[in-house]
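The values are calculated or read from the model by the stated rules, or taken from the named source; none is laboratory data. All values reported here derive from a predicted model rather than from experimental measurement. Note that we place each Cβ from the backbone using ideal geometry, even for glycine, and neighbour counts take in every protein chain shown. The area values use the complete protein model at the heavy-atom level, side chains included, leaving out ligands, DNA and RNA. Shrake-Rupley method; radii C 1.70, N 1.55, O 1.52, S 1.80 Å.
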Amino acid sequence: MTAKNADIGLIGLAVMGQNLVLNMADHGYNVAVYNRSTDKMKEFVEYCKNTEPSHERVIGHADLATFVLSIKRPRKIVLLVKAGTATDLTINALLPFLEKGDIIIDGGNALWTDTIRREKELRAKDIEFIGSGVSGGETGARFGPSLMPSGTRQAWVSLEPIWTAIAAKVDPVSGQPLEGGEPGKPVVGGFSCAEYIGPDGSGHYVKMVHNGIEYIDMQLICEAYWLMKHLLGMKSDEIGKVFEEWNKGELSSFLIEITADILQQKDPMSKEFLVDMILDTAGQKGTGQWTAANALELGAPANAIAAAVYARALSSVKEERVAASKILKGPKVTAIPESERKATIEAIKNALYCSKICAYAQGFQLIDKAQVAYNWKLNFGEISQIWRGGCIIRARFLQKITDAYALNSRLKNLMLDPYFTEEMNKGQEGWRKVIALAVTNGIPAQGFAAALAYYDGYRSADLPANLLQGQRDYFGAHTYERKDKPRGEFFHLDWPEPGRPQIAIE
Ligand code: 2AM
């Protein structure tokens, strides 16, 4: 590669950055790389030389000016630095060397409002900015991530060939992800899991909701595991086998697959099942919390997504929980008789699938609220298709979501699609049974329960919000609409003195 013909540049050589560079190089692109600490860049280039078939396409730069100058115009520069201040600092450091029309692509986990701000600031300087969700972790970045880019169409057209090439691929007929996974042998053909999302920060927004869904998807699987363990007294490997079975059907997904593996993994240190040795305090990096917070802001009923964030928070107070477990009473667990074992496992599966459908319904309902609030026009079928390969929530059933939006692009709620309606109708009885068992036996299952509350609330033609409006009108004259009058007509009652309801009205 000569000094001035890099197809693209990348700054930030942590795990995601390194893997994305190698992915691009494998697809035939010359990639200029830069990192704040030069040692890491040198180490990476050296590593590439020794082990990577595409190493000649990776050129390291210790100096930001020569890095920028080495890239073909309009320059495409991917940032994979720590989200937040580091992104702003890196953009500011880059600016003196950029020219009109150059494109910065932020592949970090940026808050979408930051992306909107950055795009605006850079547009004033004639620099294009693409905020792109990148999902799939280390392996995804290396062999095919799910990519959710947003910005101007013009900038996207310039980036599209590279983004489309490196993204995960899905068989257009079966909808199954195409396997790759070998350095120097990129997957070609198939549907690419990179699609233009929309303007502003919509790509990072959709990536954020994807993470919110990921939180609840994982939480639901954990609850299924916990119920099998405590209600049925099953050992980890037995539960792992159940997940293995489930992975052959409608629940087939990356998360179910790895769960089956994790549960059967032995610990090299204690020789016990590893999962039994892992401390039960969950970490979080914030994207689930952002999703729940935005749902609150927009008034979207994403209670299951929020429940997953709360569940992690509750798990983190381990010492308090240990102390409370000796103080606060709960019921004794009643073992499920052998004769009901199979039916109970089936009911847990129903609970998992129905709750999962609710989780996605909530995610898309939230994205729908957002597109109205932020003036975007998003393609839901395409979004679920992008998640079909590469990312953590990749799952067979995402194809059903794409099908649902293909059937009706204005679908109000996923649960109203004929396929999903049928699945919910079939599974709801078992789902309820499982939650009842969880409650009577004192086993926490907040994800399942939140999802069911959403389901029951959504399918209720009438809710007690009539009383709520009465309360609001009583104490704050907030007015109410009436069942016997058209919407939009507001009424207020001059409520009598507190404690003296007017029972008889003339
Ligand atoms: P480093 O190797 O020099 O720490 C993930 O942390 C990536 O973001 C790393 O490549 C890291 O560079 C980079 N990074 C973190 N903070 C940064 C900053 N303030 N400026 C530039 N890069 C930063």
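Some notes on this structure:
- Qualifying residues in the range 318-377 (those that are of a type in the set (A, V, I, L, M) and part of a loop (DSSP other than H, G, I, E, B)) - the one least open to solvent (accessible area, probe 1.4 Å): I336
- One residue alone among L463, L452 is loosely packed, with under 13 Cβ neighbours inside 10 Å, of a type outside the set (S, T, Y) and touching a helix residue (DSSP H, G or I) at 6+ places or on another chain (Cβ under 7 Å), and that residue is L463.
- Tally, over the range 26-41, of residues that are without any contact (Cβ under 8 Å) to a residue 60 or more places away in the chain and within 19 Å of L69 (Cα to Cα): 9
- Test: S150 is in the same structural domain as Q18 (by TED's automatic domain parsing) and surrounded by 24 or more Cβ atoms within 10 Å (Cβ to Cβ): yes
- Condition met for Q469 (open to solvent by 70 Å² or more (accessible area, probe 1.4 Å) and without any contact (Cβ under 8 Å) to a residue 60 or more places away in the chain): no
- Residues in the range 378-391 that are in a loop (DSSP other than H, G, I, E, B) and open to solvent by 40 Å² or more (accessible area, probe 1.4 Å): N379 only.
- Listed by first and then second residue, the pairs linking a residue in the range 444-457 that is in contact (Cβ under 8 Å) with a residue 60 or more places away in the chain to a residue that is of a type in the set (D, E, K, R) and open to solvent by 20 Å² or more (accessible area, probe 1.4 Å), with Cβ atoms under 8 Å apart and 6 or more places separating them unless they lie on different chains, are L452/R432.
- Residues being more than 16 Å from the ligand (Cβ to nearest atom) and either under 21 Å from G136 (Cβ atoms) or modelled with pLDDT under 95 (or both) - total across the range 84-110: 0
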